[in-house]
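Asks: Starting off with a structure, shown below.
What follows is calculated from the coordinates using simple rules that are stated; it is not laboratory data. Here the structure is a predicted model, which means the values were calculated and not measured. Using ideal geometry, Cβ is built from the backbone for each residue, glycine included, and neighbour counts are taken over all protein chains shown.
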Amino acid sequence: MKKVLSIVAVAALSVAFVACGPSKEEMEKMEQAKQDSIAAVEKAKQDSIAAAEAEAAMAAEKAMMQAKADSARVADSLAAATKGKKK
């Protein structure tokens, strides 16, 4: 009798353990949420890279414009300095 009760108790616990787990739909929803999260992180990463590249391009453009302005200023000052001198 004790063996029968033990087997019934183990079977009941096994059924309860299996029944408490997530259902197939719940597992699919969790997997979809996980994939959505991964996709959102990847998109944020790509957006961040694109923003950094755009910022670097703007900085390079600004530096190039500043270099051109400096060259023009130096050329103007040299022209002004040599204009007053005799050859």
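Asks: List pairs: first in segment 1-23 and of a type outside the set (A, V, I, L, M, F, W, C), second surrounded by 10 or more Cβ atoms within 10 Å (Cβ to Cβ), Cβ under 8 Å, 6+ apart or cross-chain?
Replies: What qualifies is Pro22/Met30.
Asks: Go through segment 1-34 and give me each residue that's exposed (fewer than 10 other Cβ atoms within 10 Å of the Cβ) and in a helix (DSSP H, G or I). Please lay out each step first, then the result.
Replies: Residues of segment 1-34 that are exposed (fewer than 10 other Cβ atoms within 10 Å of the Cβ), as a first pass: 1-5, 16-21, 23-25.
Matches in segment 1-34: Lys2, Lys3, Val4, Leu5, Ala16, Phe17, Val18, Ala19, Lys24, Glu25.
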